[in-house]
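Working notes, beginning with the structure itself.
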Amino acid sequence: MDGLTVFWTHTAKRQRNYIFNYWNKRNKSTSYSKKLNLAIRERTELLKNYPEMGKPTDFKGTHAVIMGHYSILY
């Protein structure tokens, strides 16, 4: 499906950066954050091709994909 674009809300960016900062401080390294960022990018690329793969939520028109302890809502 060409033409699909992922837009991150301000809140989503802030939460993502908070998670990265948490892991950077906890591990005293950015390696886990980089791995997590790669996993997020891979999952969003997959969502571009298969937008129906997520589970519907209680919010109209919103789906969720689980990534371990995190979820991506779209």
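Only the coordinates and a few stated rules stand behind these numbers; no lab work does. From a predicted model like this one, the values you see are computed outputs, not experimental measurements. When we count neighbours, we look across all protein chains shown, and the Cβ atoms used for this are built from the backbone with ideal geometry, even at glycine.
Could you tell me whether any residue of the range 43-62 is in contact with a helix residue (DSSP H, G or I) (Cβ under 8 Å, 6 or more places away or on another chain), surrounded by 11 or more Cβ atoms within 10 Å (Cβ to Cβ) and of a type in the set (Val, Ile, Thr)? No, the conditions are met nowhere in the range 43-62.
The residue pairs whose first member lies in the range 5-20 and is farther than 16 Å from ARG43 by Cα and touching a residue at least 12 places away in the same chain (Cβ under 8 Å), whose second member is polar (S, T, N, Q) and surrounded by 11 or more Cβ atoms within 10 Å (Cβ to Cβ), and whose beta carbons are closer than 9 Å, counting only pairs six or more residues apart or on different chains, are ILE19/SER33; PHE20/THR30; PHE20/SER33; PHE20/ASN37.
Of everything in the range 48-74, what is of a type in the set (A, V, I, L, M, F, W, C) and within 18 Å of THR11 (Cβ to Cβ)? Give them in sequence order. Listed by number, the residues that qualify are PHE59, ALA64, VAL65, MET67, ILE72, LEU73. Taking the range 22-45 as the range and being of a type outside the set (Lys, Arg), in a helix (DSSP H, G or I), more than 14 Å from SER71 (Cα to Cα) and without any contact (Cβ under 8 Å) to a residue 12 or more places away in the chain as the test, the residues that pass are TYR22, ASN24, ASN27, SER31, TYR32, LEU38, GLU45. Residues in the range 1-17 that are loosely packed, with under 10 Cβ neighbours inside 10 Å and assigned to a helix (DSSP H, G or I): HIS10, THR11. Every residue in the range 19-74 that is within 18 Å of PHE7 (Cα to Cα), under 14 Å from the mean Cα position of the chain (by Cα) and charged (D, E, K, R), please. The answer is ARG41, GLU42, ARG43, GLU45, LYS48.
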